[in-house]
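The values are calculated or read from the model by the stated rules, or taken from the named source; none is laboratory data. Just so you know, these numbers come straight off a predicted model, no measurement behind them. Every residue, glycine as well, gets a Cβ built from its backbone with ideal geometry; the counts of neighbours run over all protein chains shown. Each accessible area value is taken on the protein alone, full model and side chains, heavy atoms only, with ligands, DNA and RNA left out. Shrake-Rupley method; radii C 1.70, N 1.55, O 1.52, S 1.80 Å.
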There are 2 protein chains.
Amino acid sequence: MSGKLDRRKKYTRRVLKESLITLLSQKPISNITVKEVCEVADINRSTFYTHYSDHYDLLSKMEKEITEDMNQYLYSYSYEREEESIQMTEKILEYITENKLMFQVLLNKKAVPTFEKRMMDLTRGFMMTNLMDGHVVNKQESEYLSSFVISGAIHVIKDWIEKDMDRSPKEMAVMINSFINYGFSYLE
Amino acid sequence: MSGKLDRRKKYTRRVLKESLITLLSQKPISNITVKEVCEVADINRSTFYTHYSDHYDLLSKMEKEITEDMNQYLYSYSYEREEESIQMTEKILEYITENKLMFQVLLNKKAVPTFEKRMMDLTRGFMMTNLMDGHVVNKQESEYLSSFVISGAIHVIKDWIEKDMDRSPKEMAVMINSFINYGFSYLE
DNA sequence: GACACCGTGTTGGATATTCAACAAACAGTT
DNA sequence: AACTGTTTGTTGAATATCCAACACGGTGTC
(Lines give C-alpha, C1' and ligand atoms only; values in the text may rest on other atoms or scores of the structure.)
Protein backbone atom coordinates (compact mmCIF):
# COMPACT_ATOMS: atom_id res chain seq x y z
CA MET A 1 0.00 0.00 0.00
CA SER A 2 0.89 3.64 -0.51
CA GLY A 3 4.38 3.53 -2.04
CA LYS A 4 7.08 4.85 0.23
CA LEU A 5 6.86 8.53 0.81
CA ASP A 6 9.73 10.90 0.51
CA ARG A 7 10.79 12.34 3.87
CA ARG A 8 9.70 15.76 2.71
CA LYS A 9 6.17 14.70 1.90
CA LYS A 10 5.86 12.91 5.21
CA TYR A 11 6.98 16.01 7.04
CA THR A 12 4.72 18.51 5.33
CA ARG A 13 1.68 16.31 5.69
CA ARG A 14 2.42 15.68 9.32
CA VAL A 15 2.78 19.33 10.28
CA LEU A 16 -0.25 20.34 8.26
CA LYS A 17 -2.32 17.79 10.13
CA GLU A 18 -0.97 18.91 13.46
CA SER A 19 -1.68 22.48 12.55
CA LEU A 20 -5.28 21.81 11.62
CA ILE A 21 -5.85 19.87 14.83
CA THR A 22 -4.43 22.72 16.86
CA LEU A 23 -6.71 25.19 15.15
CA LEU A 24 -9.71 22.89 15.47
CA SER A 25 -9.14 22.85 19.20
CA GLN A 26 -9.69 26.61 19.14
CA LYS A 27 -12.47 27.19 16.63
CA PRO A 28 -14.83 25.47 14.21
CA ILE A 29 -13.49 24.48 10.82
CA SER A 30 -15.67 27.04 9.05
CA ASN A 31 -13.70 29.82 10.73
CA ILE A 32 -10.36 28.35 9.72
CA THR A 33 -8.59 29.40 6.53
CA VAL A 34 -6.03 27.58 4.44
CA LYS A 35 -3.70 30.50 4.93
CA GLU A 36 -3.91 30.11 8.68
CA VAL A 37 -3.21 26.39 8.58
CA CYS A 38 -0.09 27.07 6.55
CA GLU A 39 1.13 29.79 8.85
CA VAL A 40 0.86 27.63 11.94
CA ALA A 41 2.52 24.75 10.14
CA ASP A 42 5.15 27.04 8.68
CA ILE A 43 4.56 25.62 5.22
CA ASN A 44 4.21 27.56 2.03
CA ARG A 45 0.63 27.85 0.89
CA SER A 46 1.35 26.69 -2.61
CA THR A 47 2.74 23.51 -1.10
CA PHE A 48 -0.53 22.94 0.67
CA TYR A 49 -2.36 22.79 -2.63
CA THR A 50 -0.10 20.11 -4.01
CA HIS A 51 -1.39 17.82 -1.26
CA TYR A 52 -4.94 18.90 -0.50
CA SER A 53 -7.60 20.89 -2.28
CA ASP A 54 -8.64 22.76 0.87
CA HIS A 55 -8.77 22.30 4.62
CA TYR A 56 -11.95 20.25 4.45
CA ASP A 57 -10.13 17.85 2.21
CA LEU A 58 -7.28 17.70 4.70
CA LEU A 59 -9.68 16.90 7.51
CA SER A 60 -11.47 14.16 5.64
CA LYS A 61 -8.19 12.57 4.62
CA MET A 62 -7.13 12.59 8.24
CA GLU A 63 -10.33 10.87 9.24
CA LYS A 64 -9.85 8.27 6.58
CA GLU A 65 -6.31 7.53 7.70
CA ILE A 66 -7.37 7.12 11.29
CA THR A 67 -10.09 4.68 10.41
CA GLU A 68 -7.58 2.74 8.34
CA ASP A 69 -5.19 2.60 11.27
CA MET A 70 -7.97 1.46 13.57
CA ASN A 71 -8.99 -1.25 11.15
CA GLN A 72 -5.39 -2.33 11.07
CA TYR A 73 -5.40 -2.82 14.83
CA LEU A 74 -8.78 -4.47 14.90
CA TYR A 75 -7.99 -7.13 12.36
CA SER A 76 -4.37 -7.88 13.23
CA TYR A 77 -5.37 -9.79 16.36
CA SER A 78 -7.51 -12.82 16.80
CA TYR A 79 -10.44 -12.10 19.01
CA GLU A 80 -10.56 -15.72 20.13
CA ARG A 81 -8.64 -15.67 23.36
CA GLU A 82 -9.31 -13.17 26.14
CA GLU A 83 -5.56 -12.58 26.17
CA GLU A 84 -5.30 -11.26 22.64
CA SER A 85 -8.44 -9.21 22.72
CA ILE A 86 -7.07 -7.27 25.68
CA GLN A 87 -3.79 -6.73 23.86
CA MET A 88 -5.72 -5.38 20.92
CA THR A 89 -7.62 -2.92 23.06
CA GLU A 90 -4.37 -1.87 24.65
CA LYS A 91 -2.78 -1.20 21.26
CA ILE A 92 -5.69 0.98 20.32
CA LEU A 93 -5.53 2.91 23.56
CA GLU A 94 -1.81 3.46 23.05
CA TYR A 95 -2.54 4.78 19.60
CA ILE A 96 -5.02 7.18 21.13
CA THR A 97 -2.45 8.23 23.71
CA GLU A 98 0.03 9.07 21.01
CA ASN A 99 -2.55 11.20 19.25
CA LYS A 100 -4.28 12.61 22.25
CA LEU A 101 -5.17 16.08 20.98
CA MET A 102 -6.39 14.65 17.71
CA PHE A 103 -8.87 12.30 19.34
CA GLN A 104 -9.86 14.93 21.84
CA VAL A 105 -10.77 17.25 19.00
CA LEU A 106 -12.26 14.73 16.62
CA LEU A 107 -14.38 12.98 19.21
CA ASN A 108 -15.93 16.30 20.13
CA LYS A 109 -19.26 16.17 18.39
CA LYS A 110 -19.51 19.88 17.77
CA ALA A 111 -16.17 19.99 16.03
CA VAL A 112 -16.40 16.99 13.72
CA PRO A 113 -19.84 15.44 13.85
CA THR A 114 -18.97 12.60 11.49
CA PHE A 115 -16.03 11.15 13.33
CA GLU A 116 -17.69 9.49 16.27
CA LYS A 117 -20.21 7.87 13.97
CA ARG A 118 -17.38 6.56 11.83
CA MET A 119 -15.75 4.98 14.86
CA MET A 120 -19.04 3.43 15.88
CA ASP A 121 -19.66 1.90 12.47
CA LEU A 122 -16.14 0.63 12.24
CA THR A 123 -16.27 -1.09 15.58
CA ARG A 124 -19.75 -2.44 15.05
CA GLY A 125 -18.63 -4.07 11.82
CA PHE A 126 -15.84 -5.79 13.63
CA MET A 127 -18.06 -6.90 16.49
CA MET A 128 -20.68 -8.36 14.24
CA THR A 129 -18.26 -10.48 12.24
CA ASN A 130 -16.19 -11.68 15.18
CA LEU A 131 -17.88 -11.67 18.51
CA MET A 132 -21.28 -12.88 17.53
CA ASP A 133 -20.71 -15.72 15.10
CA GLY A 134 -20.70 -18.15 17.99
CA HIS A 135 -23.80 -17.38 19.93
CA VAL A 136 -26.15 -15.41 17.75
CA VAL A 137 -29.69 -15.71 18.91
CA ASN A 138 -31.53 -12.73 17.58
CA LYS A 139 -29.88 -10.76 14.80
CA GLN A 140 -31.81 -7.54 15.40
CA GLU A 141 -31.43 -7.58 19.11
CA SER A 142 -27.70 -8.18 18.89
CA GLU A 143 -27.26 -5.19 16.59
CA TYR A 144 -28.85 -2.95 19.14
CA LEU A 145 -26.81 -4.53 21.88
CA SER A 146 -23.58 -3.84 20.02
CA SER A 147 -24.58 -0.21 19.59
CA PHE A 148 -25.16 -0.07 23.29
CA VAL A 149 -21.84 -1.64 24.14
CA ILE A 150 -19.75 0.29 21.64
CA SER A 151 -21.13 3.67 22.49
CA GLY A 152 -20.50 2.86 26.13
CA ALA A 153 -16.91 1.95 25.41
CA ILE A 154 -16.32 5.06 23.33
CA HIS A 155 -17.62 7.27 26.07
CA VAL A 156 -15.45 5.60 28.65
CA ILE A 157 -12.53 6.45 26.39
CA LYS A 158 -13.67 10.04 26.04
CA ASP A 159 -13.85 10.37 29.81
CA TRP A 160 -10.41 8.87 30.08
CA ILE A 161 -9.01 11.43 27.64
CA GLU A 162 -10.66 14.30 29.50
CA LYS A 163 -9.19 13.05 32.76
CA ASP A 164 -5.81 13.47 31.11
CA MET A 165 -5.30 9.72 30.83
CA ASP A 166 -4.92 9.14 34.52
CA ARG A 167 -4.70 5.35 34.10
CA SER A 168 -2.38 3.36 31.86
CA PRO A 169 -3.59 1.94 28.52
CA LYS A 170 -3.11 -1.53 30.02
CA GLU A 171 -5.39 -0.87 32.98
CA MET A 172 -8.01 0.73 30.78
CA ALA A 173 -7.84 -2.14 28.31
CA VAL A 174 -8.64 -4.67 31.01
CA MET A 175 -11.47 -2.56 32.35
CA ILE A 176 -13.07 -1.84 28.98
CA ASN A 177 -12.83 -5.46 27.89
CA SER A 178 -14.61 -6.65 30.97
CA PHE A 179 -17.34 -4.06 30.42
CA ILE A 180 -17.77 -5.30 26.87
CA ASN A 181 -17.83 -8.95 27.87
CA TYR A 182 -20.36 -8.26 30.52
CA GLY A 183 -22.48 -6.40 28.03
CA PHE A 184 -22.54 -9.30 25.61
CA SER A 185 -23.28 -11.77 28.37
CA TYR A 186 -26.77 -10.28 28.21
CA LEU A 187 -27.38 -12.58 25.25
CA GLU A 188 -26.89 -15.75 27.22
CA MET B 1 22.62 40.10 9.69
CA SER B 2 22.44 36.62 8.22
CA GLY B 3 20.15 37.06 5.18
CA LYS B 4 16.74 35.55 5.63
CA LEU B 5 16.81 31.82 5.67
CA ASP B 6 14.57 29.66 3.60
CA ARG B 7 12.06 27.71 5.68
CA ARG B 8 13.76 24.51 4.64
CA LYS B 9 17.18 25.54 5.89
CA LYS B 10 15.73 26.72 9.16
CA TYR B 11 13.98 23.40 9.64
CA THR B 12 16.91 21.14 8.84
CA ARG B 13 19.27 23.09 11.05
CA ARG B 14 16.81 23.10 13.89
CA VAL B 15 16.19 19.37 13.89
CA LEU B 16 19.85 18.56 13.48
CA LYS B 17 20.63 20.63 16.54
CA GLU B 18 17.85 19.03 18.52
CA SER B 19 19.05 15.64 17.46
CA LEU B 20 22.61 16.25 18.55
CA ILE B 21 21.46 17.58 21.91
CA THR B 22 19.33 14.50 22.45
CA LEU B 23 22.24 12.23 21.68
CA LEU B 24 24.61 14.26 23.83
CA SER B 25 22.28 13.69 26.75
CA GLN B 26 22.90 9.98 26.28
CA LYS B 27 26.58 9.68 25.42
CA PRO B 28 29.76 11.67 24.82
CA ILE B 29 30.25 13.27 21.46
CA SER B 30 33.10 10.93 20.56
CA ASN B 31 30.66 8.03 20.53
CA ILE B 32 28.20 9.84 18.29
CA THR B 33 28.25 9.45 14.53
CA VAL B 34 27.01 11.75 11.82
CA LYS B 35 24.85 8.93 10.57
CA GLU B 36 23.15 8.68 13.92
CA VAL B 37 22.48 12.39 14.14
CA CYS B 38 20.79 12.26 10.75
CA GLU B 39 18.69 9.24 11.63
CA VAL B 40 17.32 10.81 14.79
CA ALA B 41 16.68 14.07 12.93
CA ASP B 42 15.18 12.20 9.99
CA ILE B 43 17.35 14.14 7.58
CA ASN B 44 19.31 12.75 4.68
CA ARG B 45 22.97 12.47 5.46
CA SER B 46 24.02 14.26 2.31
CA THR B 47 22.00 17.23 3.47
CA PHE B 48 23.95 17.29 6.69
CA TYR B 49 27.16 17.86 4.82
CA THR B 50 25.80 20.87 2.98
CA HIS B 51 25.46 22.59 6.35
CA TYR B 52 28.19 21.21 8.57
CA SER B 53 31.46 19.41 8.03
CA ASP B 54 30.87 16.97 10.88
CA HIS B 55 29.12 16.75 14.23
CA TYR B 56 31.88 18.63 16.01
CA ASP B 57 31.32 21.49 13.62
CA LEU B 58 27.62 21.37 14.36
CA LEU B 59 28.28 21.52 18.07
CA SER B 60 30.64 24.46 17.85
CA LYS B 61 28.24 26.40 15.66
CA MET B 62 25.52 25.78 18.21
CA GLU B 63 27.74 27.13 20.95
CA LYS B 64 28.52 30.20 18.91
CA GLU B 65 24.85 30.90 18.26
CA ILE B 66 24.01 30.61 21.91
CA THR B 67 26.69 33.04 22.94
CA GLU B 68 25.42 35.43 20.29
CA ASP B 69 21.90 35.17 21.68
CA MET B 70 23.15 35.74 25.19
CA ASN B 71 25.08 38.79 24.09
CA GLN B 72 21.93 40.04 22.46
CA TYR B 73 20.09 39.86 25.75
CA LEU B 74 22.95 41.30 27.77
CA TYR B 75 23.36 44.41 25.67
CA SER B 76 19.76 45.16 24.80
CA TYR B 77 19.02 46.40 28.31
CA SER B 78 20.55 49.22 30.26
CA TYR B 79 22.07 47.97 33.44
CA GLU B 80 21.51 51.34 35.12
CA ARG B 81 18.26 50.81 36.95
CA GLU B 82 17.59 47.82 39.20
CA GLU B 83 14.31 47.42 37.30
CA GLU B 84 15.84 46.76 33.93
CA SER B 85 18.65 44.58 35.15
CA ILE B 86 16.12 42.22 36.67
CA GLN B 87 14.14 42.17 33.43
CA MET B 88 17.31 41.26 31.60
CA THR B 89 18.04 38.37 33.93
CA GLU B 90 14.48 37.23 33.52
CA LYS B 91 14.76 37.24 29.73
CA ILE B 92 17.87 35.13 29.95
CA LEU B 93 16.23 32.66 32.29
CA GLU B 94 13.26 32.39 29.95
CA TYR B 95 15.63 31.69 27.11
CA ILE B 96 17.16 28.94 29.19
CA THR B 97 13.71 27.57 29.96
CA GLU B 98 12.87 27.35 26.31
CA ASN B 99 16.08 25.45 25.65
CA LYS B 100 16.18 23.44 28.80
CA LEU B 101 17.72 20.22 27.55
CA MET B 102 20.31 22.16 25.60
CA PHE B 103 21.60 24.03 28.61
CA GLN B 104 21.34 20.96 30.75
CA VAL B 105 23.62 19.13 28.37
CA LEU B 106 25.99 21.94 27.50
CA LEU B 107 26.50 23.11 31.07
CA ASN B 108 27.52 19.61 32.02
CA LYS B 109 31.29 19.87 32.14
CA LYS B 110 31.97 16.31 31.09
CA ALA B 111 29.88 16.69 27.97
CA VAL B 112 31.09 20.01 26.63
CA PRO B 113 33.98 21.35 28.69
CA THR B 114 34.25 24.61 26.77
CA PHE B 115 30.73 25.86 27.16
CA GLU B 116 30.67 26.88 30.79
CA LYS B 117 33.92 28.78 30.33
CA ARG B 118 32.42 30.58 27.36
CA MET B 119 29.47 31.69 29.43
CA MET B 120 31.78 32.86 32.17
CA ASP B 121 33.91 34.93 29.83
CA LEU B 122 30.89 36.39 28.15
CA THR B 123 29.30 37.48 31.37
CA ARG B 124 32.54 38.73 32.84
CA GLY B 125 33.08 40.97 29.85
CA PHE B 126 29.67 42.46 30.34
CA MET B 127 30.14 42.94 34.05
CA MET B 128 33.46 44.67 33.67
CA THR B 129 32.23 47.21 31.15
CA ASN B 130 28.95 47.97 32.86
CA LEU B 131 28.78 47.30 36.52
CA MET B 132 32.16 48.51 37.56
CA ASP B 133 32.74 51.75 35.71
CA GLY B 134 31.27 53.68 38.59
CA HIS B 135 33.04 52.42 41.62
CA VAL B 136 36.21 50.75 40.57
CA VAL B 137 38.77 50.71 43.33
CA ASN B 138 41.14 47.91 42.52
CA LYS B 139 41.12 46.55 39.00
CA GLN B 140 42.67 43.19 39.84
CA GLU B 141 40.53 42.59 42.86
CA SER B 142 37.35 43.38 40.97
CA GLU B 143 38.22 40.86 38.27
CA TYR B 144 38.49 38.14 40.84
CA LEU B 145 35.31 39.29 42.47
CA SER B 146 33.42 39.08 39.20
CA SER B 147 34.68 35.53 38.66
CA PHE B 148 33.42 34.71 42.11
CA VAL B 149 30.02 36.26 41.49
CA ILE B 150 29.48 34.90 38.01
CA SER B 151 30.42 31.36 38.79
CA GLY B 152 28.07 31.56 41.75
CA ALA B 153 25.25 32.75 39.55
CA ILE B 154 25.87 30.08 36.93
CA HIS B 155 25.79 27.36 39.53
CA VAL B 156 22.58 28.66 40.97
CA ILE B 157 21.14 28.37 37.48
CA LYS B 158 22.47 24.84 37.10
CA ASP B 159 20.83 23.84 40.36
CA TRP B 160 17.61 25.42 39.19
CA ILE B 161 17.70 23.40 35.98
CA GLU B 162 18.38 20.17 37.84
CA LYS B 163 15.47 20.88 40.16
CA ASP B 164 13.32 20.92 37.04
CA MET B 165 12.83 24.68 37.22
CA ASP B 166 10.69 24.61 40.31
CA ARG B 167 10.53 28.42 40.53
CA SER B 168 9.50 30.89 37.85
CA PRO B 169 12.10 32.82 35.81
CA LYS B 170 10.81 35.98 37.46
CA GLU B 171 11.41 34.71 40.98
CA MET B 172 14.83 33.39 40.08
CA ALA B 173 15.74 36.67 38.41
CA VAL B 174 15.02 38.64 41.55
CA MET B 175 16.95 36.20 43.68
CA ILE B 176 19.99 36.02 41.45
CA ASN B 177 20.14 39.76 41.03
CA SER B 178 20.17 40.32 44.74
CA PHE B 179 22.94 37.73 45.13
CA ILE B 180 24.97 39.57 42.52
CA ASN B 181 24.37 42.97 44.05
CA TYR B 182 25.34 41.72 47.44
CA GLY B 183 28.50 40.21 45.98
CA PHE B 184 29.56 43.48 44.45
CA SER B 185 28.75 45.40 47.60
CA TYR B 186 31.97 43.82 48.90
CA LEU B 187 33.82 46.55 47.07
CA GLU B 188 32.30 49.38 49.09
C1' DG C 1 -21.03 52.51 -6.72
C1' DA C 2 -15.98 52.96 -5.79
C1' DC C 3 -12.74 51.70 -2.65
C1' DA C 4 -9.49 49.03 0.09
C1' DC C 5 -8.67 44.65 2.16
C1' DC C 6 -8.13 39.74 2.42
C1' DG C 7 -8.21 34.88 1.28
C1' DT C 8 -8.01 31.92 -2.86
C1' DG C 9 -6.06 29.08 -6.38
C1' DT C 10 -2.45 28.88 -9.76
C1' DT C 11 1.93 29.67 -12.08
C1' DG C 12 7.32 29.60 -13.16
C1' DG C 13 11.80 29.70 -11.84
C1' DA C 14 15.07 29.25 -7.95
C1' DT C 15 16.59 26.50 -4.39
C1' DA C 16 17.03 22.67 -0.93
C1' DT C 17 16.51 18.12 0.02
C1' DT C 18 16.20 13.36 -1.19
C1' DC C 19 17.83 9.05 -2.75
C1' DA C 20 20.91 5.67 -4.46
C1' DA C 21 25.35 4.79 -5.42
C1' DC C 22 30.25 4.91 -4.96
C1' DA C 23 35.14 4.52 -3.22
C1' DA C 24 37.68 4.91 0.79
C1' DA C 25 38.99 4.38 5.74
C1' DC C 26 38.29 1.78 9.85
C1' DA C 27 37.42 -1.87 13.47
C1' DG C 28 36.52 -6.43 14.76
C1' DT C 29 36.69 -11.71 13.54
C1' DT C 30 38.28 -15.72 11.93
C1' DA D 1 46.24 -11.60 6.07
C1' DA D 2 41.66 -11.95 4.18
C1' DC D 3 36.83 -11.08 5.40
C1' DT D 4 32.80 -8.57 7.16
C1' DG D 5 30.33 -4.88 8.48
C1' DT D 6 30.00 0.09 9.36
C1' DT D 7 30.85 5.00 8.93
C1' DT D 8 32.43 8.51 5.91
C1' DG D 9 32.50 12.08 2.42
C1' DT D 10 31.04 13.00 -2.27
C1' DT D 11 28.46 12.81 -6.47
C1' DG D 12 24.29 13.41 -10.05
C1' DA D 13 19.85 13.30 -11.17
C1' DA D 14 15.01 13.36 -9.42
C1' DT D 15 11.87 15.57 -6.69
C1' DA D 16 9.57 18.71 -3.30
C1' DT D 17 9.35 22.91 -1.50
C1' DC D 18 9.91 27.78 -1.51
C1' DC D 19 8.93 32.35 -2.95
C1' DA D 20 7.00 36.10 -5.43
C1' DA D 21 3.64 37.30 -8.39
C1' DC D 22 -0.73 37.23 -10.50
C1' DA D 23 -5.88 37.50 -11.44
C1' DC D 24 -10.02 36.50 -9.10
C1' DG D 25 -14.01 36.70 -5.96
C1' DG D 26 -15.86 38.08 -1.62
C1' DT D 27 -16.73 41.52 2.22
C1' DG D 28 -17.02 45.53 4.47
C1' DT D 29 -16.62 50.82 4.47
C1' DC D 30 -16.97 55.50 2.90
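Evaluate segment A:1-20: report whether one residue or more is away from DNA strand D (no atom under 15 Å from the Cβ), under 30 Å from B:Arg45 (Cα atoms) and open to solvent by 40 Å² or more (accessible area, probe 1.4 Å). Yes - at least one qualifying residue is present in segment A:1-20. Looking only at residues of segment A:95-119 that are farther than 18 Å from A:Glu18 by Cα and surrounded by fewer than 17 Cβ atoms within 10 Å (Cβ to Cβ), we find that the one that is nearest to the chain's Cα centre (by Cα) is A:Arg118.
For segment A:156-173, the tally of residues that are touching a residue at least 60 places away in the same chain (Cβ under 8 Å) and at positive phi stands at 1.
For segment B:45-67, the condition holds for at least one residue, the condition being that it is open to solvent by less than 50 Å² (accessible area, probe 1.4 Å), within 14 Å of chain A (Cβ to nearest Cβ) and among the polar types (S, T, N, Q).
So if I check each of A:Ile92, A:Ile180, which one is at pLDDT 90 or above and open to solvent by less than 50 Å² (accessible area, probe 1.4 Å)? Answer to the selection: A:Ile92. In segment B:21-41, the qualifying residues are those that are more than 21 Å from B:Pro113 (Cα to Cα) and open to solvent by less than 70 Å² (accessible area, probe 1.4 Å), and the one that is farthest from DNA strand D (Cβ to nearest atom) is B:Ala41. Across segment A:1-41, the qualifying residues are those that are more than 14 Å from chain B (Cβ to nearest Cβ), without any contact (Cβ under 8 Å) to a residue 60 or more places away in the chain and among the aliphatic types (A, V, I, L, M), and the one among them that is nearest to DNA strand C (Cβ to nearest atom) is A:Val34. For segment B:51-67, the count of residues that are over 22 Å from B:Ile157 (Cβ atoms) and within 12 Å of DNA strand C (Cβ to nearest atom) is at least one. Taking each residue of segment B:136-155 that is more than 13 Å from B:Phe126 (Cα to Cα) and looking for partners that are surrounded by 12 or more Cβ atoms within 10 Å (Cβ to Cβ) and of a type in the set (D, E, K, R) with beta-carbon atoms closer than 7 Å, six or more apart or interchain, yields B:Ile154/B:Glu116.
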